[in-house]
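Just below is one structure, and these are the notes that go with it.
Read the figures in this text as sums done on the coordinates, not as results from a lab. These numbers come from a predicted model, not from an experiment. Cβ: placed from backbone, ideal geometry, glycine included. Neighbour counts: every protein chain shown.
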């Protein structure tokens, strides 16, 4: 059985790696239940569960809620019980699951979305303003500038002298903004291109950007990589001062960040349900774990039935697809099920 220390250590590793996850904690239990108050599990964005927060009825509800929490950043308190309560209780999302165990679990699900890393190259006034604003907007800021004084970037996590960007502690940053503004622009862009970051922006006018891009291509840099440089950068707000330009750039970064998060959440949801199980959602087969709410059952390894959670030995879990030909998962020991390495669910949680 995985203890709380291992789970919290894994959570710390995911946070350090910048990978989003949710921490699920059982806060209340009415017997009979396999999980007890204080039981914890880490749920990754890909739908992996590390820990133990209940059997076949609890896990689909936790997975669905964790995905939603990672999408909108809002913590949730859910209740998994034999029947939905007739009167909704404020602040509790009720999952009525018809499991034979008959127990009730209240589980708190807290999303932890790591700060995306932003590398700012250059020591211009715009770079300084962007560093301060981006930190407040939830970015982990790293700065590289010639003769860069840490005092100019008090909100940055790291300030390095020069353009040796391989010294960044964050590895390949999520976002890179070159804001040299006339001081070694091309050298800064060459260094930034070496990072091969997904998003690279250059603070410059159209004319200046095109001239420098042409020079980079003539110097042997990949035309595809150079043309991907975003310049001019920022949302048009008729900015004039360095601080206003920084606001414009930050707005563009936030838009890119949130768009990515939505795309990643949609991809994670789509890939969590293979085609065979998507087809199964249209079948008439019913399941003891929630019928049309969930199409997959997570059960402890070695458990004889998804409904006997209270008789199981807590430990590692596996996810099985409910067989379409089976009348239900309870007692369907002769049915053939595919064991999956990732949780299954509806195409959109």
For residue 240 paired with residue 259, estimate the spin-label separation in nm (one decimal), with each label point 7 Å from Cα along the Cα-to-Cβ line. 3.0 nm
Packing-based order for 239-248, 35-44, using average beta carbon neighbours within 10 Å, highest first: 35-44, 239-248
Compute the relative contact order of the range 128-244 as a whole-number percentage, counting only Cα pairs closer than 8 Å that sit 6 or more residues apart in sequence. 19 percent
Return the percentage of antiparallel bridges among DSSP beta bridges fully within the range 117-266, rounded to the nearest 5 %. 0 percent
Quick one: of the DSSP bridges fully inside the range 7-153, what percent are antiparallel, nearest 5? 70 percent
Along the three principal axes, how long is the range 1-85 when you take its alpha carbons, biggest first, rounded to the nearest angstrom? 39, 29, 18
Sorted by mean Cβ packing within 10 Å, highest first, what order do the peptides 45-54, 224-233, 167-176, 206-215 take? 45-54, 167-176, 224-233, 206-215
At a Förster distance of 45 Å, what's the computed FRET efficiency of residue 186 paired with residue 13, Cβ-Cβ distance as r, to 0.05? 0.70
Taking alpha-carbon centroids only, the range 32-55 lies from the range 159-222 a number of Å equal to 44 Å
Rounded, prolate or oblate: which fits the range 117-266, taking a ≥ b ≥ c as square roots of the Cα gyration tensor eigenvalues, rounded meaning a/c under 1.5, else prolate when a/b beats b/c? rounded
